[in-house]
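S.K.: Before anything else, here's the structure in question.
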Amino acid sequence: MQNGTWIVRHRATALKEPVAIAGSPGLRSIGKLAVDNLIAKTHAELAADLYSTHLPTIYETKPSYAAHPALPGTAGVIIEKGEADLPKVQFYTSPEPPLILCKGYHANFQGQYEVAEKVLDFMVENGVKRLIVVAGFGSKEKEKGVCCAATNAELLREMKEKYGVDIGYKGPFMGFSGLVFGMAKRRGIEALCLFAATEPKEDDLEFPDQEAAQRALSKLNQILGLHE
C-alpha cells in the first residue's frame with residue numbers, strides 16, 4: 001500500500017496541448033454536473049485515477065469542501081453496483097476537441113495542497129496550457145447568469161470581448177476546484193473559472209442545481225466550439 005498521493009494510469013494520453021476542464025461537488029455540485037455532462041457528450045475515456053490517503057470516504061465537515069484541520073474525515077471504500085473502490089480523482093480524455101476532463105474529489109485539510117499538486121503534475125505532463133474550472137457562487141438575485149475569474153487580465157478581456165462573460169463574484173473559492181485553479185498559474189497553466197450563480201440550499205449546500213450547471217455549460221460549449 002502506498003502512502004500519500006499517487007496516480008494509476010489506464011491508457012495513453014497522446015493529446016496535443018489539450019484544454020483541461022475541472023469540476024467537483026462544490027456549491028450545488030455545478031462543477032461536477034458540468035464535467036459529467038462533458039464526459040458523456042464527448043464520449044471521453046478514463047485515462048487515470050488519482051488516489052490519496054487524504055481522500056475521506058465520509059466527511060466530518062458539511063459541506064465537504066469546507067476542510068478543517070481537526071476534521072480529517074473517515075477512511076474506507078465506496079461500494080457501487082456491488083464493487084468496492086477507494087475515493088479518487090478521475091481524469092478522462094477526449095481527442096476531438098483535445099480535452100482532459102477532471103472529476104474532482106475534496107481532500108482533507110492536511111492533504112488538499114498535495115492532491116492539487118498531483119492533479120497539476122498530470123496536466124503539465126500532458127501538455128495542458130489552459131485550464132477551465134466550472135463552479136457555482138451563491139446569489140439571491142432573480143436573474144442568474146455566469147461570471148468569471150482568471151489568472152491574468154488578458155484572459156478576462158478575452159472572456160468579456162469574445163463571449164460576453166465579465167467578472168462578478170468576489171469572495172473565497174474553497175475546495176478542490178478552487179485550489180487547483182489558484183495553483184495553476186505557477187505551474188505555467190493559464191486558468192479560467194466560470195461561476196454560475198445559484199441560490200444556496202441551506203440544508204444541503206451540495207444539492208445539484210441542473211439549471212445553473214447548464215448555464216455554465218452553454219458558455220463552456222461556446223468557448224470549446226462544441227455544439228449544444
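Only the coordinates and a few stated rules stand behind these numbers; no lab work does. Just so it is clear, the model here is predicted, and its values are computed rather than measured. No Cβ is skipped: glycine too gets one built from the backbone with ideal geometry, and neighbour counts run over all protein chains shown.
S.K.: Every residue in the range 170-199 that is crowded, with 19+ Cβ neighbours inside 10 Å and more than 14 Å from Val19 (Cα to Cα), please. Quick ask: steps written out before the conclusion?
M.R.: Keep residues of the range 170-199 that are crowded, with 19+ Cβ neighbours inside 10 Å, which gives 173, 175-181, 184, 189, 191-198.
Of everything in the range 170-199, those that are crowded, with 19+ Cβ neighbours inside 10 Å and more than 14 Å from Val19 (Cα to Cα) turn out to be Phe173, Gly175, Phe176, Ser177, Gly178, Leu179, Val180, Leu194, Phe195, Ala196, Ala197, Thr198.
S.K.: Within the range 113-123, can one find any residue that is over 23 Å from Leu224 (Cβ atoms), over 17 Å from the mean Cα position of the chain (by Cα) and not charged (D, E, K, R)?
M.R.: There is no residue in the range 113-123 that is over 23 Å from Leu224 (Cβ atoms), over 17 Å from the mean Cα position of the chain (by Cα) and not charged (D, E, K, R).
S.K.: Taking the condition of being of a type in the set (Asp, Glu) and either crowded, with 16+ Cβ neighbours inside 10 Å or assigned to a helix (DSSP H, G or I) (or both), how many residues in the range 200-214 meet it? Let's see the steps before the verdict.
M.R.: Restricting attention to the range 200-214, the residues satisfying the condition of being of a type in the set (Asp, Glu) are 202-204, 206, 209, 211.
Retained after the next criterion (residues that are either crowded, with 16+ Cβ neighbours inside 10 Å or assigned to a helix (DSSP H, G or I) (or both)): 206, 209, 211.
Within the range 200-214, residues that are of a type in the set (Asp, Glu) and either crowded, with 16+ Cβ neighbours inside 10 Å or assigned to a helix (DSSP H, G or I) (or both) number 3.
S.K.: Within the range 152-189, take every residue that is hydrophobic (A, V, I, L, M, F, W, C) and more than 14 Å from Val119 (Cα to Cα) and give me the one that is farthest from the chain's Cα centre (by Cα).
M.R.: Selected residue: Ala153.
S.K.: May I pose another question? So if I check each of Ala67, Ala34, which one is surrounded by 12 or more Cβ atoms within 10 Å (Cβ to Cβ) and either of a type in the set (D, E, K, R) or in contact with a Ser or Thr (Cβ under 8 Å, 6 or more places away or on another chain) (or both)?
M.R.: Details: Ala34 fails: either of a type in the set (D, E, K, R) or in contact with a Ser or Thr (Cβ under 8 Å, 6 or more places away or on another chain) (or both).
Only one candidate passes the filter, namely Ala67.
S.K.: Just give me the residues in the range 75-104 being free of Cβ contacts under 8 Å to residues at least 24 places away in the same chain and touching an Asp or Glu at 6+ places or on another chain (Cβ under 7 Å), in sequence order.
M.R.: Val77, Ile78
S.K.: So Ile21 passes all but one of these: (1) outside any strand (DSSP E or B); (2) in contact with a Leu (Cβ under 8 Å, 6 or more places away or on another chain); (3) farther than 20 Å from Phe109 by Cα. Which condition number does it fail?
M.R.: Looking at each condition in turn, Ile21 falls short on (1).
S.K.: For Ala34, which of the numbered conditions (1) over 16 Å from Tyr105 (Cβ atoms); (2) touching a Leu at 6+ places or on another chain (Cβ under 8 Å); (3) hydrophobic (A, V, I, L, M, F, W, C) fails to hold?
M.R.: (1)
S.K.: Read through the list (1) surrounded by 15 or more Cβ atoms within 10 Å (Cβ to Cβ); (2) out of contact with any strand residue (DSSP E or B) (no Cβ under 9 Å at 6 or more places or on another chain), then give the number of the only condition that Gly225 fails.
M.R.: (1)
S.K.: Which of the residues belonging to the range 163-201 are touching a residue at least 24 places away in the same chain (Cβ under 8 Å) and of a type in the set (D, E, K, R)?
M.R.: Those that are touching a residue at least 24 places away in the same chain (Cβ under 8 Å) and of a type in the set (D, E, K, R): Lys185, Arg187, Glu190, Glu199, Lys201.
S.K.: With the condition kept exactly as written, say whether any residue in the range 88-106 is among the small types (Gly, Ala, Ser), buried (at least 23 other Cβ atoms within 10 Å of the Cβ) and under 21 Å from Gly188 (Cβ atoms).
M.R.: Within the range 88-106, one or more residues are among the small types (Gly, Ala, Ser), buried (at least 23 other Cβ atoms within 10 Å of the Cβ) and under 21 Å from Gly188 (Cβ atoms).
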